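Below is one structure, written out as structure tokens, with a few remarks after it.
Values in this text are rule-based calculations from the coordinates and carry no lab data. Just so it is clear, the model here is predicted, and its values are computed rather than measured. Here the Cβ positions follow ideal geometry from the backbone for every residue, glycine too, while neighbour counts run over all protein chains shown.
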Amino acid sequence: RGRGRRNLLDIGLRHNEVRLDRLPAAFDGFTLLQVSDLHLDMDAEFQRHLIERVQGLAFDACVLTGDFRFHGFGPYQAVLDALQTLRPHLGEQVHAVLGNHDTVRMVPGMEARGFGVLMNEAVALRRGADTVVLAGIDDAHYFRTHDLRKALAGVAPHSCVVLLSHTPEPYRLAEHAGVQLMLSGHTHGGQICLPGGIPVLTETPTPRAYVRGAWRYRTLAGYTSVGCGASVVDVRFNCQPEVTLHRLRCR
């Protein structure tokens, strides 16, 4: 357990460069920091290591793809307190979606602390006269309250859309809707894996090709973070936790 605990606190930094057909020229090089599956109320030592990992990183906006608390029930004030401590290290633009461990009751407290929570809605990221649409859907795994049609209502055709979804499960819906890039988490990459990083459990019916790292489905580019925290038990084996810098490039 001690070794698994040390593995958990060794949060890595991943880089993902993705080329998008519809990306406006002004956004070439735009960088998103993705932080997923934080499970912040696990303990204070983990929170300190996460802050140390994101300090000093250069990015244009931060996105958080759900699962902010360790348990899927009970009090959540400790999560809000931890988010407040983390917030100054995430830059000016921060957007999030909820995961299957989270409760909608957390949303007012998160937004009061500077986390814009996207619940089947979208916002515009702007650079000069150019725009990228950042959409977010609610949890599609457990609560199944995701509504991509509502999230993209009013979005102009042929817009460059980046979708935040806690789980990669609705990847077919995203591709059909014309989403360019989908960022997800939830799987933890297996968290406890066989040698070589082969996951035993992923807690999703999504094909294994889409449960960790960069992937592509037809016209949709995707990335599934292995997350930076842990669920059920606070250890990791053969699966280093991560935060990810996504650099968007014009095709």
Worksheet item: For segment 161-176, what does the Karplus curve 6.51 cos²θ - 1.76 cosθ + 1.60, with θ = phi - 60°, yield as ³J(HN,Hα) per residue in whole Hz, taken in order and with x for Gly and Pro?
Response: 10, 9, 10, 9, 9, 4, 10, x, 3, x, 5, 5, 4, 5, 5, 4
Worksheet item: Size of the dipole of segment 193-247 about the Cα centre, Lys and Arg at +1 and Asp and Glu at -1 on the beta carbon, nothing else charged, in debye to 20?
Response: 320
Worksheet, complete the sentence: Contact order relative to length for the chain, counting C-alpha pairs under 8 Å separated by 6 or more residues, stands in percent at 30
Practice prompt. Would you please put 64-71, 230-237 in order of how densely packed they are, using the mean number of other Cβ atoms within 10 angstrom per residue and starting with the highest?
Written response: 64-71, 230-237
Discussion item. Given the DSSP H assignment, sum -39500 (n - 2.57) over each helix run of at least 4 residues in the chain and divide by its residue total; what's the result at 222 nm in deg cm²/dmol, nearest 500?
Written reply: -4500 deg cm²/dmol
Item to complete: May I ask which residue of A122, V161, M110 lies farthest towards the positive end of the charge dipole of segment 82-232, with charges of +1 (Lys, Arg) and -1 (Asp, Glu) on Cβ and the Cα centre as origin?
Response: V161
Fill in: If the convex hull is drawn through the Cα atoms of segment 29-166, its volume per residue in Å³
109
Worksheet item: Say we join alpha carbon atoms closer than 10 Å with springs in a Gaussian network model of the chain; which of G116, G128, G227 then has the biggest fluctuation?
Response: G128
Item to complete: Please work out the Cα convex hull volume for segment 117-251 and give it in Å³ per residue.
Response: 124
